[in-house]
Amino acid sequence: MGTDPITAQEFSPRQNAVLEQALRLLVEGGEKALTTSGLARAANCSKESLYKWFGDRDGLLAAMISFQQSKVRTFEKAGDRVTAPQLVDHLEVFAHDLLDVLAGDVSLALNRLAIGQASRDGSKLGNLLLERGRRQIDKRARGLIEAGRRCGYLRFDDLEDAYRSFYGLIVSDLHVRMLLGEAQTKDFSARARKAVAAFLTLYGTEKVHSEKGGKTA
């Protein structure tokens with residue numbers, strides 16, 4: 001039996017340290033290395049503490065995924081207004097963080113594991129990655145894009161279409177190539193800026209182009 005899930009924002013520093021160890025074990029040893037006993041030893045804590053914090057194995061995996069997705073920063077204050085330079089900054093930070101997380105050993109290990117399990121046990125890990133990872137990131141990013149429209153900097157008829165375009169401009173086929181083992185640069189600054197510039201070309205208003213100054217040049 002598991003305990004009620006906690007969100008990434010509710011993790012204590014000690015729990016964060018344990019999750020970092022869990023992710024390290026997964027990357028270095030694969031699924032078999034991620035055991036309660038092994039994690040307790042690696043994180044120097046008791047198995048009882050692990051059960052209290054995360055519940056069962058599924059709860060631990062969900063917490064690991066939540067911890068990972070929380071590394072993708074977005075503008076999250078609903079109703080707040082942003083300036084054009086701030087919007088560009090937030091979009092670039094989101095794009096850069098997303099690429100950093102997707103290209104990291106942890107994300108690649110989790111996704112490869114989910115793909116390997118897809119036909120074996122009903123895609124349980126895949127569903128966790130979608131629910132606790134991708135959809136949480138998507139939700140926050142949509143809020144940022146909506147804030148841009150609310151302030152008159154973006155124009156679109158369908159929020160979902162606009163977000164999917166932005167995500168596609170950022171990631172393209174990069175994640176698939178990385179999952180297949182293709183080596184990639186770890187500096188995504190230029191790619192993030194290029195994606196934001198293309199997104200603003202498609203959806204930006206005259207207002208954002210006149211007020212953003214030299215951003216995404």
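The values are calculated or read from the model by the stated rules, or taken from the named source; none is laboratory data. For clarity, every value in this text was computed on a predicted model and none was experimentally measured. Here the Cβ positions follow ideal geometry from the backbone for every residue, glycine too, while neighbour counts run over all protein chains shown. We work out accessible area using only protein heavy atoms, side chains counted, and drop any ligands, DNA or RNA first. Shrake-Rupley method; radii C 1.70, N 1.55, O 1.52, S 1.80 Å.
Tabulated data for the structure shown
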| item | result |
| --- | --- |
| Exposure of K124 as accessible area (Å², to 10), given a probe of 1.4 Å and all protein chains | 100 Å² |
| HN-Hα J in Hz across region 11-17 - Karplus 6.51, -1.76, 1.60, θ = phi - 60°, x for Gly and Pro | 5, 7, x, 5, 5, 4, 5 |
| Residue-wise HN-Hα coupling along region 82-95, computed from phi with Karplus coefficients 6.51, -1.76, 1.60 (Hz; x: Gly, Pro) | 10, 7, 4, x, 5, 4, 4, 4, 5, 5, 5, 4, 4, 4 |
| Whole-number D in µm²/s for the chain (Stokes-Einstein; Kirkwood sum over Cα pairs; 10 °C, 1.306 mPa s) | 85 µm²/s |
| When each of K124/K186; K32/K124; K71/K124 is checked by Cα-Cα distance, pairs over 20 Å | K124/K186; K71/K124 |
| Computed [θ] at 222 nm, helices only, for the chain once each DSSP H run of length n ≥ 4 contributes -39500 (n - 2.57) | -20000 deg cm²/dmol |
| Distance between modelled label sites at R135 and L174, nm, 7 Å Cα→Cβ extension | 2.6 nm |
| Placed amide H near L154: partners under 5 Å, 5+ positions off or other chain | R149, T205 |
| Which of S49, S210 is most accessible, then next, and so on - probe 1.4 Å | S210, S49 |
| Karplus 3J(HN,Hα) series, Hz, for region 147-160 with 6.51 cos²θ - 1.76 cosθ + 1.60 (x for Gly, Pro) | 4, x, 5, 4, 8, x, 9, 10, 10, 7, 8, 10, 4, 5 |
| Sparse-neighbour loop sites [GluC sites (Glu not before Pro); region 120-216; at most 14 other C-beta within 10 Å; DSSP] | E182 |
| Charge dipole (debye, nearest 20) of the chain; +1 at Cβ of Lys and Arg, -1 at Cβ of Asp and Glu | 180 debye |
| Accessible area of the chain divided out per residue, in Å², using a probe of 1.4 angstrom | 52 Å² |
| Accessible surface of the chain, 1.4 Å probe, proportion on carbon and sulfur as whole % | 51 percent |
